[in-house]
Structure formats: C-alpha cells, structure tokens
Amino acid sequence: MPLFRILELDGKTQAEVTGPELRERFDRDGVVILPDFLKQSEMIPVRRELDAHFAPIDEKASENNNGVLERSKQFECDVICWDPLTEKNEVVRKFHANRRLAQLTKETLGAKYTAPRSLVMYSVGGGRGQAWHQDCPAVEQLGFNLNRLFYLNDVLLEDGAIVFVPGSHHMGQIPPGGHQDPLKGEIAVSPKAGTLILLHGHVYHRVTPNLNNKPRVSLNFRAFPKGVPKEVTCIGVYRNGLVNFCDQPKYHDGSPAK
Ligand SMILES: O=C(O)CCC(=O)C(=O)O
C-alpha cells in the first residue's frame, strides 16, 4: 500500500500515512498538506511555462488592477487566472498526468473522479490576496470540488499565506464578516516549493495580501467526485455575498442570481 508523507496541521510534525488514513484526515479536516510532493525536475518545466505566460502581464500589472474580480470591487480578490489545460499546454498536460497525483486523488475522492481543468492563480506584488471564501455553496447534495494546489516556488508569509479553518467544511456557509478578518481556529500556511495542498472546496479559506514585490503563483487542478459537475464551482461564496463565475442567471439551488 502506498504511503504519503504529510505535514500535520501543527506545521511542524510530519507523518507517513496510508491512503485510508489520508482520506480520514481529509474527511475530518478538509485539508491535507503534502510537503515535497514534487521533485525539482518535475517543477522546473512547469515553472518555466507559467513564468513565460505571465511575463507580459507582470510588466503591466504594477498597479495590481488586473484582478479577475475587477467587475466587482466588493470582493477583495486580486488574482489573474489562467487555464493551461484547456489551452492544451503540453507541459502542464504532462504534469497533470502525474501518477502519484492520480493515486492520491483516488484515495481522497474515490474512483471515477473528474479533473477537467486547471486554474493558475497569479497575484502581483502589492495585491490584496483573496478574501475569505468557499469555492462553492456548502449544500451537501450539490457536492464539492477538491482543490489540488501546487506551489512551484516558496511562498513566504509576506507573499500571501493560505489561511484556512480546519473542519469548516462541516460548518455550513461562511459567516458574514471582513474579507481578511481572522476566524477562530484558522491556520496560516506558507507553502514551500514542491508542496501540494488538498483543500475541500467548502473549507473557509483566504490568501493574505501580497506585501512583496514579486508575484505569487499557485497551480490548482480542481477535481470533482464522481457525479459532481464542474459547474458546482460556478458560485463562489464570500463573506459579503456570492459571485457567479459562470455568469449564469441562476444559483445552483435555482434561485435568481443577484
Ligand atoms: O492560491 C492559493 O493558495 C489558494 C487558491 C484558492 O483560494 C482557491 O483556489 O480557491
């Protein structure tokens, strides 16, 4: 049986766990951190692709006004997204086909999961990070997405830590409040290059502002349990409202989107 090396949520202890043990932690916490999941040789070509893609944007993005949520200043998320899988980027496609990733995902979600897209999130220096959110409404029958977040460069606290509340995927909708106001039980992680974080889409999470002058990048291969459509993530749930990323006129529960 394969063993997976994980970092405990105390941020200090590491442990080797079996697939079922990993699944147990994921069900309990909604988060599993796998440090050094990637070798340098796996990271280098992908890092090169991402750097090349974002280089022209980086030149123009000094004011950090290219955020994906530019339409709505109400939501404090300064990220620029790219989906290299849909663009059939060969390097990213090869990386996505990583066997250990498939094995790990199968342990976490069960067989016949789907993972049709990729989501690179790029934030320029000085950006506001990402406000607290859930990737989709915490309605059990709708299902959820699994974020498989890769970090190809060291992320310092000042670059933008990922902060989450373990177990919050069992707590329903994120309560109203400030974009970056601390929540009880939150944990901040500054992932090192090569880290993979598995994050349940209902877990309350945010990214702290990027106080550095360099970009912060994560590469996410979202996966969906069998029977859950990718459209489950059309509606992002923020503390001060919902965002319809697919620009569809309805929420998933059928009520009209505002
Ligand atoms: O970039 C990160 O660390 C987190 C990304 C995120 O919040 C998301 O994919 O929903």
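The values are calculated or read from the model by the stated rules, or taken from the named source; none is laboratory data. In this text, all values refer to a predicted model and were calculated from it rather than measured experimentally. Virtual Cβ from ideal backbone geometry, glycine too; neighbours counted across all protein chains shown.
Things worth noting here:
- The C-beta contact set for segment 79-105 (first residue more than 16 Å from the ligand (Cβ to nearest atom), second residue of a type in the set (Lys, Arg) and in a helix (DSSP H, G or I), distance under 8 angstrom, 6+ apart or interchain) comprises Val91/Arg48.
- Near pairs, Cβ below 6 angstrom, 6+ apart or cross-chain, from segment 198-210 (in contact (Cβ under 8 Å) with a residue 24 or more places away in the chain and β-branched (Val, Ile, Thr)) to any residue that is assigned to a strand (DSSP E or B) and within 11 Å of the ligand (Cβ to nearest atom): Val203/Phe164; Val207/Gln130; Val207/Ile162
- Here Asn240 passes the criteria (1) more than 16 Å from the chain's Cα centre (by Cα); (2) polar (S, T, N, Q); (3) crowded, with 16+ Cβ neighbours inside 10 Å except the one numbered (3).
- Selection within segment 1-24 - part of a strand (DSSP E or B) and of a type outside the set (A, V, I, L, M): Phe4, Arg5, Gln14, Glu16, Thr18
- Meets criteria (within 15 Å of the ligand (Cβ to nearest atom), more than 19 Å from Val46 (Cβ to Cβ) and modelled with pLDDT under 95) for Pro215: no
- Every condition in (1) over 20 Å from Phe224 (Cα atoms); (2) part of a helix (DSSP H, G or I) is met by Gln103 except one, and the failing one is (1).
- The lone exception for Pro191 - which of (1) under 18 Å from Pro35 (Cβ atoms); (2) within 10 Å of the ligand (Cβ to nearest atom); (3) in a strand (DSSP E or B) it fails: (3)
- Residues in segment 121-135 that are more than 9 Å from the ligand (Cβ to nearest atom) and modelled with pLDDT of 95 or more: Trp132 alone.
- Scanning segment 147-169 for residues that are closer than 23 Å to Lys184 by Cα and either β-branched (Val, Ile, Thr) or within 11 Å of the ligand (Cβ to nearest atom) (or both) yields Asn147, Asp159, Gly160, Ala161, Ile162, Val163, Phe164, Val165.
- Among the candidates Phe164, Phe144, residue that is among the aromatic types (Phe, Trp, Tyr), buried (at least 17 other Cβ atoms within 10 Å of the Cβ) and farther than 19 Å from Phe37 by Cβ: Phe144
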